[in-house]
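Heads up: the structure comes next, in structure tokens.
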Amino acid sequence: MSQDSSPASLERPTPEDLRERAALDRSTKLPVLFFLTSGLVWLLAACLLGLVASIKLHSPGFLDWDWLNWLNWGRLQPAAFNALVYGWAFQAAFAVGLWMMARLCRQPLRNPVTLVVAGHFWNLGVTIGLLNILAGNQGPGELLEFGRPAWLMMFAAFALIVIWQVLMFVTRPKGADYVTQWYVLAASFWFPWLFLTASVFTSPRTGSGLHAALTSSWYANGVLFLFLVPMAVGTAYYLIPKIVGRPVHSYPLAVAGFWSLALFGGWTGLQKLIGGPLPTWMPAVSSAAQVLLLIPVLCVGANHFLTARGRHELVAVSPTLRFVFAGAVFYVASHVVAALLALAPGLTQFTAAWDGFRFMLVYSYFSMTMFGAIYFILPRLTGCEWLSPGMIRIHFWANIYGGSPIGVFLIIGGFFQANAMNVWSHGFGALSDMLSGAYVAATLGWIFILFANTVFFLHFVLIALRLGRRSERATLLSGPAHLDDADVMITTEGAEA
Amino acid sequence: MSLKSLLLGLLATFAAPWLLLIVRPYGSLASLAPVAYNEEAGDETKGFFPPTRSADQARGQQIYFAQGCAQCHTQVIRPQYVGGDGDEFKRNWGEAQEALAPKRTRQTSPYDYLGESFAAIGQRRNGPDLANGGFRFATRQQFLEHLYAPQARHEWSSCPPQRHLFKTRVIQGQPSRMAVFSQGKYAPGEGLEIVPSTEALDLVDYLLALRRNAPLPISLGGEKPAPAAPAASAPAAPAK
């Protein structure tokens with residue numbers, strides 16, 4: 001019985017289990033739907049801002065009228081990236097994290113309204129921060145551009161949101177333990193620490209601007225590798241065994257993957273400042289740690305691959321697994337790129353390669369995994385199934401054809417950019433021309449993902465309004481001809497609410 | 001895993017990098033203070049390193065950050081093992097731009113950021129490095145015109161114009177000495193003039209002061225000035 005809360009269970013859920021899960025889902029429904037809806041609105045906003053920012057890189061005259069000075073690239077770029085990270089990614093992580101924790105700890109959420117109130121403050125903070133950037137008042141430091149007033153509000157909201165996850169874990173019944181919980185709790189532990197450190201040490205009163213810059217670089221990397229990555233890894237640990245109907249392949253491998261992330265993650269971040277005015281050992285240690293972060297990737301990747309072994313054809317059937325699988329590919333790819341950036345600073349520092357890498361991690365990895373989770377969670381919250389496999393396919397392929405080139409072309413373009421900057425005879429004009437190809441490719445990519453997410457948002461709203469399909473069977477991407485035993489798992493899962 | 005063992009494990013693994021990478025360096029970085037040049041040790045310069053910043057420059061840096069300049073412009077000269085920065089300013093980002101007198105650039109030192117509330121190391125080089133940005137234009141007026149219309153000088157520039165830092169107004173009496181583009185493609189029209197705001201002037205004060213040409217004192221590892229030999233033909237070795 002105690003094993004049933006774990007997605008590793010192979011047994012069919014009993015009617016009592018189903019009733020319990022339905023009760024848990026009812027308790028989390030309001031805040032989860034709130035965070036997902038507002039997160040998706042920010043995602044659309046981020047895609048729009050990102051598209052305009054990308055166009056301005058190859059056509060600087062675009063939308064350059066006097067009254068549009070708030071669309072200057074120096075404001076647009078941080079606005080787009082901050083909206084993507086704090087508006088969309090954090091709220092998706094809140095929603096999916098809360099839902100998984102309630103399920104895994106078998107504790108209903110006792111205070112959904114508090115969470116929705118906190119969620120409003122989070123959104124208010126993001127709005128204020130974004131307007132602050134666009135108004136020409138951004139703060140210094142990557143991912144700290146929102147400025148302090150927005151920060152205070154967002155941090156209070158964050159604390160109010162994650163505290164419930166900790167409480168659920170503390171009050172869980174004996175035996176309700178699973179890998180996903182470690183990742184969610186660790187992310188809720190790391191982010192406040194990173195954030196408080198950043199707010200203290202980047203304050204103008206500390207008296208060392210260099211230390212402020214160093215801390216902000218450490219913070220920005222930490223947000224990616226110690227908040228977004230663990231949330232997505234935890235989500236994949238939850239979803240993959242659920243869909244393929246098998247327990248996680250290896251517990252020791254899961255432990256190794258988790259603790260190696262904890263061990264090396266905190267050391268990364270200063271590799272961005274290599275060659276800068278710091279003692280040489282500091283960026284060097286960060287570079288080494290960034291390369292060592294391939295160890296958790298190896299552990300987690302192998303574990304997920306072995307869990308799904310023999311069931312990989314389900315990627316063609318299950319929307320959730322397909323998105324999680326695509327995310328897993330970019331999980332590995334983005335970590336390999338991060339290691340390359342750390343190892344070859346002369347070929348990447350201060351170039352578009354960093355933008356490509358950040359996009360790959362936040363969008364192609366993290367967001368794709370979260371889309372997979374939403375395809376899994378939403379029918380269970382609303383009691384109706386996704387309307388159209390066609391819309392899911394469009395969402396998937398437009399994201400693949402749009403998201404991958406943004407990352408890949410900016411990374412490759414960045415290598416050329418650095419190479420050209422190191423060559424004596426290249427003028428800066430030639431440099432701009434050289435990169436415009438990569439930037440045009442990125443613009444096409446942004447158009448694709450804007451389209452993909454618009455389709456997804458419509459689909460999402462229909463299901464959230466309970467206008468979906470009333471069915472016992474989950475919406476799958478290919479017909480029943482492909483189904484084998486494992487798919488029974490998916491269909492019963494779909495009907496349980 | 002219990003909450004206690006999880007928390008203890010996370011605390012142990014995270015406290016180490018936090019203490020060593022963030023907390024401990026704070027002491028030494030915050031205690032940096034201007035260093036006096038020492039003639040006995042061989043310094044030829046007098047006074048202190050680095051030169052002090054004015055309040056206008058500090059305000060200018062706030063505007064530099066607030067407008068997002070640091071998104072595209074870095075201010076760091078890296079050693080040769082990372083990139084070709086050592087002679088980057090000397091070549092002035094290639095031959096396409098004006099031939100300025102070659103300048104030997106020295107690698108950035110922690111002292112170069114003294115007095116800044118946030119070191120403007122910057123995030124990417126969509127535009128040229130500005131560690132020595134003060135040398136890029138000869139006059140204040142050229143800087144102002146560059147802010148108003150970056151494409152006026154270099155058509156390929158992707159730098160966003162900062163026209164909102166300027167005001168177009170009717171000329172009353174004498175035209176302003178500060179007015180930009182009184183003729184040419186960007187001229188505002190008969191009887192009008194474009195004048196910079198206080199923000200624009202502060203920003204230009206800041207940009208003009210970006211000159212890291214003060215030699216590093218020998219006590220900080222600076223090189224002894226070469227004895228009178230003509231340095232012009234020497235290979236562009238990076239300053240250590």
Exposure proxy check on A:D17, A:D355, B:D205: fewest-to-most Cβ neighbours within 10 Å is A:D17, B:D205, A:D355
So how far apart, in nm, are the two label points at A:L292 and A:L387 if each is 7 Å from Cα heading toward Cβ? 5.2 nm
In nm, the gap between the two label points placed 7 Å beyond Cα toward Cβ at B:D56 and B:Y81 is 4.2 nm
Of every Cα-Cα pair in the range A:308-497, the percent that sits beyond 28 Å: 37 percent
Theoretical FRET efficiency, 1/(1+(r/R0)^6), r = Cβ-Cβ of B:T198 and B:S219, R0 51 Å, to 0.05: 0.85
What list of ³J(HN,Hα) couplings, whole Hz, do you get for the range B:49-62 from phi and the Karplus terms 6.51, -1.76, 1.60, once you set θ to phi - 60° and write x for glycine and proline? 10, x, x, 6, 9, 8, 5, 4, 5, 4, 4, x, 5, 4
Calculate, in nm to one decimal, what A:R466 and A:W65 gain on full extension: separation in residues at 0.36 nm each, minus their alpha carbon distance. 140.0 nm
Ordered by residue, what ³J(HN,Hα) values in Hz, to whole numbers, does the range A:209-215 give under the Karplus form 6.51 cos²θ - 1.76 cosθ + 1.60, where θ = phi - 60° and Gly and Pro are x? x, 5, 5, 4, 5, 4, 5
What is the mean number of Cβ atoms from other protein chains located within 10 Å of the Cβ atom of each residue in peptide A:126-139, rounded to a whole number? 2
How high is the relative contact order of the range A:200-342, in percent, with contacts defined as C-alpha pairs under 8 Å that are six or more residues apart? 27 percent
Is there a quick way to get the dipole size of the range A:308-497? I mean about its Cα centre, with the Cβ of Lys and Arg at +1 and of Asp and Glu at -1; what is the value in debye to the nearest 20? 220 debye
In the range B:1-53, what trypsin sites (Lys or Arg not before Pro) fall in a loop by DSSP, with at most 10 other Cβ atoms inside 10 Å? B:K46
Label points 7 Å out from Cα along the Cβ direction at B:S176 and A:I447: separation in nm? 4.2 nm
Cα gyration tensor of the range B:32-218 diagonalised, 5x eigenvalues square-rooted, in angstrom largest first, produces semi-axes 32, 19, 15
B:V35 long-range amide H proximity, modeled H, under 5 Å: B:F49
Relative contact order of the range B:32-218, please, whole-number percent, based on alpha carbon pairs below 8 angstrom and at least 6 residues apart. 29 percent
Amide H proximity to B:F166 below 5 Å, modelled H, separation 5+ or other chain, gives B:S197
Output ³J(HN,Hα) for the range A:37-45: one whole-Hz value per residue in order, computed from phi by the Karplus curve 6.51 cos²θ - 1.76 cosθ + 1.60 with θ = phi - 60°, and x for Gly and Pro. 5, 5, x, 5, 5, 5, 4, 5, 4
In Å, the Kirkwood hydrodynamic radius from C-alpha pairs for the protein assembly as shown sits at 27.2 Å
Report relative contact order for chain A in percent, whole number only (criteria: Cα-Cα under 8 Å, sequence separation at least 6). 16 percent
What angle, in degrees between 0 and 90 and rounded to the nearest 10, separates the Cα long axis of helix A:389-421 from the longest principal axis of the Cα atoms of chain A? 30 degrees
Within the range B:112-218, report the GluC sites (Glu not before Pro) that DSSP leaves as loop and that have at most 14 other Cβ atoms within 10 Å. B:E155, B:E190
How charged is the neighbourhood of A:F456? Take every other residue with its Cβ under 15 Å from the Cβ of A:F456, and add Lys/Arg as +1 and Asp/Glu as -1. +2
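Assuming a ≥ b ≥ c are the square roots of the Cα gyration tensor eigenvalues, decide whether the range B:138-210 counts as rounded (a/c under 1.5), prolate (otherwise, with a/b larger than b/c) or oblate.
oblate
Each reported figure results from applying straightforward, stated rules to the coordinates on display, with no laboratory input. Note that the coordinates shown come from a computational prediction; the quantities given were computed from them, not determined experimentally. Counting neighbours? That spans all protein chains shown, and the Cβs are built from the backbone with ideal geometry, glycine included.
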